[in-house]
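Remarks on the structure that follows.
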Amino acid sequence: MEESHDISLLYVEDQPESREFLAKAFRHRYPELEVHVEENAEKGLEFFRRYRPEIVITDISLPVKNGIQLAAEVRKLQAETEIIALTAYSDSEYLLDAIGIGINHYILKPVELDRLFGVVDTSLARIRISRKVRHQYTIIRKLSQAIEQSPLGIMITDAAGVVEYANRELSAMTGFDRDELVGYPLFAGEVPHLPRSVHGDVRRTLTGGNRWSGEIENVRKGGDLYWESLSVSPVHDERGNITNFIIVREEITARIRDRQQIESLNAELAHKAAELETTNRELESFNYTVAHDLRTPLVTVKGLVDLLLLRQSAVLDPQSRENLAWINEEIVRLNGLIGAILRFSSDARKPIDKQWIDLGSIVREVAAQLKAKEPLRQVDLAIASPAPAYCDPVLMRIVLENLIDNAWKFCATRDVARIEFGHRGEEEPPVFFIRDNGAGFDEKNSDGLFDVFRRTQGEGAGYGIGLATVMKIIQRHGGRIWADGETGKGATFYFTV
């Protein structure tokens, strides 16, 4: 178990036996936690105001002020607190109140310790992740402040050498306003604040992925000459591609000052840049981790609902059985959404292995699979083949599966659906398209069509991740994708690779 020092837990329970039993269980299970116990909501709220524990566990049925009210007060005081509610009632009104307040977990009594400990473990994991994110944010903020307030002139460019940022010291050193520096194509040609003799050497060194440094005599905007030490460093992503350049300039007119100090500062900047890359990678995988960890409590909830339906179905009224069935459907839907998120993260990170393939063959295979699932559907398929494309066959199958599945789904209301795959080979690069006569969409609302969780139709039309996955894969191939359509008259999706 990971260390959880400095994390405190408040447990509020008016029943002495339950209070003593669970308090003892918490202290035994989590000796590293600071466990505090109170007998009613008033005392619990007073303790929370003073010490702000990260986890609050409360019984719902408390005298005077119940646990829902306590939770609401806690949420107002500190939004990120993990709140776990215990109750002997499965009343839907309580559940709706808990959801509305933002209670993290809702556990029925009698409490199963393994279930409760699992929930607490999940809360502890979230608290640790939140602390790590806050720590990384603090580092990034300090790095930004350090660069802006640095006594050295600092510029950051994109991979093409276009200036994206210049700190105030660089502006003061050169005499150029920041607005004159930002947006300038630094390596594209001659610029007034970098001598002609340096350009060729800088370009050759940097295009090779190397760091360039030197000492040059330069001229300010007003015409004054001065000496400066200049260092240009490429920043690489995790695949080794250059994403940015960091340019550090120091005036050394009086004499060349303390070379070792300059090199140390450059090394520190490179180290901070590497930390920033690591932080970005961690944040990129954060959604994947959270989605993956959500599946365990979902499986538990579904198992409990199934068990209740199996053992108590005979004594449940029709409305209760219908409600339980609805819960099961929502669990299945949420589990599907989590799976879609996991696939989206996984597909976005798959390496690209390009080769020449026939997209028409893949479309036929995907269509055959859909036809096998719904053999009675009347679908008129028109598939152009061969349709050669230089791309990754695995990732392109994901693209075509999503697009064909969308067309198949939104043609469901047609007596005879028509789906066409073709390409305009006379264009360069070739434009491929998938056209259907289905529900279509209103082009006035087409902004964000490829955004995550954006759905082209209403409820039940999917998770809003398929088109986002398609967009990311096409972009990774260096291509583009767009669509046109009309409500009730179908849609056409175009893409290049």
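Residues checked against (1) modelled with pLDDT under 85; (2) more than 40 Å from the chain's Cα centre (by Cα); (3) in a helix (DSSP H, G or I); (4) not assigned by TED's automatic domain parsing to the domain that holds Ala160:
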| site | (1), (2), (3), (4) |
| --- | --- |
| Asn210 | yes, no, no, no |
| Gly222 | yes, yes, no, no |
| Tyr226 | yes, yes, no, no |
| Ser231 | no, no, no, no |
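All of Tyr106, Tyr165, Tyr137 fail the test of being closer than 21 Å to Leu22 by Cα and not aliphatic (A, V, I, L, M), apart from Tyr106. Output yes when any residue across region 284-295 is modelled with pLDDT of 75 or more and exposed (fewer than 15 other Cβ atoms within 10 Å of the Cβ), and no when none is. There is no residue in region 284-295 that is modelled with pLDDT of 75 or more and exposed (fewer than 15 other Cβ atoms within 10 Å of the Cβ).
Residues that are surrounded by 13 or more Cβ atoms within 10 Å (Cβ to Cβ) and more than 20 Å from Ile7 (Cα to Cα) were ranked within region 129-143; the one that is farthest from the chain's Cα centre (by Cα) is Leu143. Just the residues that are basic (Lys, Arg) and over 18 Å from Asp380 (Cα atoms), please, taken from region 409-428. Once the filter is applied, which keeps residues that are basic (Lys, Arg) and over 18 Å from Asp380 (Cα atoms), region 409-428 yields only Arg424. Considering each residue of region 334-346 in turn, at least one proves to be modelled with pLDDT under 90, surrounded by fewer than 13 Cβ atoms within 10 Å (Cβ to Cβ) and in a helix (DSSP H, G or I). Which fully enclosed strands (runs of 3 or more DSSP E) of region 372-438 have 1 or more residues being hydroxyl-bearing (Ser, Thr, Tyr), under 29 Å from the mean Cα position of the chain (by Cα) and at pLDDT below 90? Those strands (runs of 3 or more DSSP E) do not exist here; none qualify.
Residue count for region 445-468, restricted to those that are on the phi < 0 side of the Ramachandran plot and at pLDDT below 75: 14.
Looking at Glu73, Glu34, Glu80, just one residue is under 18 Å from Arg128 (Cβ atoms), touching a Leu at 6+ places or on another chain (Cβ under 8 Å) and assigned by TED's automatic domain parsing to the domain that holds Arg131, and that residue is Glu34.
The values are calculated or read from the model by the stated rules, or taken from the named source; none is laboratory data. Source: prediction; values computed, not measured. Here the Cβ is made from the backbone with ideal geometry for all residues, glycine too, and neighbour counts use every protein chain on show.
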